[in-house]
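Taken together, the values in this text are just the output of simple stated rules run on the coordinates, not laboratory data. Remember, predicted model here, so these are calculated numbers, not experimental data. Cβ placement follows ideal geometry from the backbone for every residue including glycine, while neighbour counts extend to all protein chains displayed.
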Amino acid sequence: MTLETFYQRLLNPPHPWKVSRVEMSEDSSRVDVWLKHEEYTFLCSECHRKAPTYDHMPERVFQHLDTCESKTFLHVRLPRVDCPEHGVKQGVFPLAGPYRDVTYKLEAKCIQVMEECDRTAAARITGVTWERLGTIMQQAVDRGLERRGKEMPSVLGFDEKQVFSGHRYFTIVTDPSGSHRRCQVAWSAGGRLPSLSRGASRTAV
Ligand SMILES: [Zn+2]
């Protein structure tokens with residue numbers, strides 16, 4: 001079995017993508033996988049409607065989940081489509097979002113690990129850099145806030161956290177009525193509770 005066939009089975013990329021080439025480093029610590037697509041009509045990333053292919057972007061590299069303990073990177077030339085409504089846009093790539101450099105699967109793993117430990121430990125466990133984890137975390141927060149919309153919770157919880165045993169503080173505002181297993185963070189910022197919210201805190205709690 002060739003490396004390409006092995007990785008085609010292992011990664012099983014969604015149609016129309018297929019593994020076309022695989023390169024492994026001398027010490028097997030890193031594997032690079034190139035994906036190509038068959039003839040296909042892609043969807044516009046704005047409206048998710050089918051549109052004719054316009055051209056292909058320069059090659060991009062996405063870090064993926066490790067395979068066989070090797071850091072794994074996917075190389076792809078993403079198609080651009082000519083959407084009648086939005087003009088030339090990137091076609092939908094089912095393995096990663098348009099502004100990411102990690103795949104959805106690795107992103108999900110990173111978020112899961114960051115829920116259990118701090119970012120430094122998460123970087124060590126996932127092999128993703130501390131800075132990139134920060135971007136993943138911020139994008140996850142942005143998506144959560146977008147999903148939540150502009151509805152104001154009826155009750156708010158205020159908390160002040162001191163960090164690094166110095167005089168550095170974070171203020172965290174939570175929505176205790178969230179449907180999840182724990183309070184949802186509604187807002188957070190560096191610094192102490194302003195006096196106005198101290199009053200609000202006493203009223204809310
Ligand atoms: Zn469109």
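Here are the numbers for this structure:
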item	result
Qualifying residue in segment 93-104 (condition: without any contact (Cβ under 8 Å) to a residue 40 or more places away in the chain, part of a strand (DSSP E or B) and surrounded by fewer than 19 Cβ atoms within 10 Å (Cβ to Cβ))	no
Within segment 26-52, tally of residues that are among the β-branched types (V, I, T) and not in a strand (DSSP E or B)	1
Tabulated pairs, segment 116-130, first of a type in the set (G, A, S), second assigned to a helix (DSSP H, G or I), C-beta under 6 angstrom, 6+ apart or interchain	A122/V113; A122/M114; A122/L133; A123/W130; A123/L133
First in segment 27-51 and over 20 Å from P16 (Cα atoms), second anywhere and hydrophobic (A, V, I, L, M, F, W, C) and away from the ligand (no atom under 16 Å from the Cβ), Cβ under 9 Å, 6 or more apart	S28/C68; R30/M24; R30/F73; V31/L3; V31/V22; V31/M24; V31/C68; V31/F73
Failed criterion for D55 (all others in (1) assigned to a loop (DSSP other than H, G, I, E, B); (2) farther than 30 Å from T126 by Cα; (3) over 21 Å from the mean Cα position of the chain (by Cα) hold)	(1)
Considering residues of segment 69-90 that are part of a loop (DSSP other than H, G, I, E, B) and surrounded by fewer than 18 Cβ atoms within 10 Å (Cβ to Cβ) only, the residue farthest from the ligand (Cβ to nearest atom)	E69
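Residues are listed down the side, and each one gets a yes or a no for (1) among the β-branched types (V, I, T); (2) more than 25 Å from I125 (Cα to Cα):
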site	(1), (2)
Q8	no, yes
L35	no, yes
S70	no, no
P84	no, yes
V92	yes, yes
L95	no, no
Y99	no, no
L106	no, no
I111	yes, no
